[in-house]
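Structure, as structure tokens:
The values are calculated or read from the model by the stated rules, or taken from the named source; none is laboratory data. Since the model is a prediction, treat every value here as computed from it, not as a measurement. Cβ sites come from the backbone with ideal geometry, for glycine too, and all protein chains shown count toward neighbours. With ligands, DNA and RNA removed, areas are computed over all heavy atoms of the protein, side chains included. Shrake-Rupley method; radii C 1.70, N 1.55, O 1.52, S 1.80 Å.
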Protein chains: 2
Amino acid sequence: MGLVYADLSMSLDGFITGPNMRVGNAMGDDGDRLHEWASAGKSEAEVEAFLEQRLASLGACVFGRMMLDVGIGPWGDEPPFHAPVFVVTHRPAETIVKAGGTSYTFVTDGPDAALRLARQAAGDQDIAVAGAAIVRQYLHSGDIDELRLHIVPILLGDGVRLFTDAEDRSVALAASGSVDEGGVAHIVYRIRG
Amino acid sequence: MGLVYADLSMSLDGFITGPNMRVGNAMGDDGDRLHEWASAGKSEAEVEAFLEQRLASLGACVFGRMMLDVGIGPWGDEPPFHAPVFVVTHRPAETIVKAGGTSYTFVTDGPDAALRLARQAAGDQDIAVAGAAIVRQYLHSGDIDELRLHIVPILLGDGVRLFTDAEDRSVALAASGSVDEGGVAHIVYRIRG
């Protein structure tokens, strides 16, 4: 069985988007700075190769509804996931099929059901979960194996926080990683059962 | 002239103490876990030598009042600072002199005045500032040169946050550091003017 992971860039003050995140402003004001490390000093081809490599083991995704709503435009007609995406939502909708193996399937019976579908689809490949609320939910339920965080040396001041919750306290972590030349800490936090 | 710095251990979710921090519970519930990295695998003598070395270049300190109130007991009769400490407060009080060169002087005319006194006392040695509110104040005023952060792989869920403020957004950082074997990221964030 593959890993369930969330891969997120977070500002030093704990935000995974800037303020005023909404459809048309997917990363919030200044939030694009969170992802600059992934392309810094790289050619366009290198950036694409790096993204492909990061997503190579991906068998399925589970996204929150907000994540899909702000992302579906920018990800375009051939999204980078090349895997089925299960979207946790209260609003039923028809599955949307994109080019290159990505589809968006709307799951209305909760995060457990979405993860079950993702596990079936992924086989022994990995499952990426995304969207702050859904990541926290799986963190608390013990369903996430790894948080892959990139702690970026910027202060955003406001936006969507990854950690908001006294319940986070129950989660035990083991960590390893490194700090790159731009001062971004790339750390894998394994969740201990 | 020496550096003005703050040296802080912070949980992955952004807290520099656990919940319920007060006199008699200086680090808050579970907050002692923030500092375990400094003594992990070391003998008592090695811990002491490590602390001495971290404080060797210290010429003066500026603390917030809360920091002094919760710390003055634990720091004891010969505090580790061996330098004058200027305490920003609204309540005037007589200077308290401890053994080994540490004194606590209460400054009632604001953080700028406290830092001026600290600079006079420190000469070309460094100045450590401590206490979340006072660190933020100096961060916003541009008086801090370095944040030396130790990002510890624990989630505290609640407590005193280092970063709380939309104003943090104005601060530009340059960072370098490393991640130790226990997964603690030791990063120096230099504030750019």
Q. From the label point of B:Ala113, set 7 Å from Cα along Cα→Cβ, how far away are the matching label points in the other copies, in nm, ordered shortest to longest?
A. 6.5
Q: Give the span of the protein assembly as shown's Cα atoms along each principal axis, as three whole-Å numbers ordered largest to smallest.
A: 73, 39, 34
(Q) Measuring nothing but label to label, 7 Å from Cα along Cα→Cβ, what are B:Thr164's distances to the other copies in nm, shortest first? (A) 1.9
Q: Could you do me a favour and compute the accessible area per residue for the protein assembly as shown, 1.4 Å probe, result in Å²?
A: 46 Å²
Q) Counting only DSSP beta bridges with both residues in the protein assembly as shown, what percent are antiparallel, rounded to the nearest 5? A) 45 percent
Q. How large, in percent, is the carbon and sulfur part of the accessible surface of chain A at a probe radius of 1.4 Å?
A. 50 percent
Q: Calculate the mean, over all residues of peptide B:13-23, of how many other protein chain Cβ atoms lie within 10 angstrom of the residue's Cβ.
A: 2
Q. At A:Gly76, with labels set 7 Å past Cα in the Cβ direction, how many nm apart are the copies from this one, shortest first?
A. 6.4
**Q.** Inter-site label distance for B:His90 and B:Glu44 at 7 Å from Cα along Cβ, in nm
**A.** 4.3 nm
**Q.** Loss of accessible area when A meets B, both sides summed, Å² nearest 100, probe 1.4 Å
**A.** 2500 Å²
Q: Specify the residue with the greatest mean-square fluctuation among A:Ala113, A:Ala128, A:Ala174, computed from a Gaussian network of chain A linking alpha-carbon atoms under 10 Å apart.
A: A:Ala174
Q. Taking N as the number of residues in segment A:86-139, what value does Rg over Cα atoms divided by 2.2 N^0.38 Å take?
A. 1.13
**Q.** Antiparallel DSSP beta bridges within chain A, percent to nearest 5
**A.** 45 percent
Q: Go ahead and set up a Gaussian network model of chain A, Cα springs under 10 Å, then flag whichever of A:Arg136, A:Arg54, A:Arg65 fluctuates most.
A: A:Arg54
**Q.** Rg/Rg_globular for segment B:129-183, with Rg_globular taken as 2.2 N^0.38 Å and Rg from C-alpha atoms
**A.** 1.27
**Q.** Taking the C-alpha atoms of segment B:45-193, convex hull volume expressed per residue in Å³
**A.** 142 Å³
Q. Which of these, B:Phe163, B:Phe86, B:Phe106, has the largest mean-square fluctuation under a Gaussian network model of chain B (Cα springs below 10 Å)?
A. B:Phe163
(Q) Need one number: nm distance between label points at B:Gln120 and B:Arg192, each 7 Å from Cα along Cα→Cβ, rounded to one decimal. (A) 3.6 nm
Q.
I need the calculated FRET efficiency for the pair A:Ala113 and A:Ala166, taking r as the beta carbon distance and R₀ as 25 Å, to the nearest 0.05.
A. 0.40
